[in-house]
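Colleague: Structure incoming, see below.
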Amino acid sequence: MSETLAAAKAGEDKVVGIQLHRVTGTGTVSSLACALPAREADPPDAPALALFLAAPERRSRAPETLLMELFGLTPTEARVAGALANGARTVDVAEELDVSQTTIAFHMRNLFQKTGTNRQTDLIALFLAGPMIIKS
C-alpha cells in the first residue's frame, strides 16, 4: 500500500489489489487501494488513497456488461474477466470457453492493457471492485 500512497503524493494514478488474511477464522478479505493523485490546490491533509474492502461471503460478481462499459472490454474479455474474478484459474477459463491457453494469454494481455494493471491479483481486485467504481 505504500507504493500507492507514494504514487498519490507524486500526482500519479495507481491501483493495487491486496489480499488481507483474517486474524480470526479462515479466509481472506479482498481489498483494492486506489491512489487519489495530489493536486497543487489540495490541502496538505487531503486524502491520498481510497481503500475498498470486499469480504468473500458478501462479494458480488460484476456484470459482464458493466466490465465492458467501464474498461472497454470485448464480450470475450468480459467473460474471461468475470471467470477470473469468480476464482477460476486461467486453465479453467480456457476449458470453460473451449479455447487454448494461448488464446487466454492473448485476452489477459488485452485485459492488462485496458485496465492499466500488471498483475493478475490487481486485475481481479479491480474487477471485484467494478460495482464500486463510479464512471465520471
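The values are calculated or read from the model by the stated rules, or taken from the named source; none is laboratory data. No experiment lies behind these values; they were computed from the predicted model shown. In case anyone asks, the SASA skips ligands and DNA or RNA and just uses the protein heavy atoms, side chains included. Shrake-Rupley method; radii C 1.70, N 1.55, O 1.52, S 1.80 Å.
Colleague: Tell me the accessible surface of Arg22 in square angstrom (1.4 angstrom probe, heavy atoms of protein chains only), to the nearest ten.
Modeller: Surface open to solvent at Arg22 totals about 80 Å².
Colleague: What does the accessible area of His107 come to, in Å² to the nearest 10, when a probe of 1.4 Å is used?
Modeller: His107 has an accessible surface of roughly 30 Å² with all protein chains in place.
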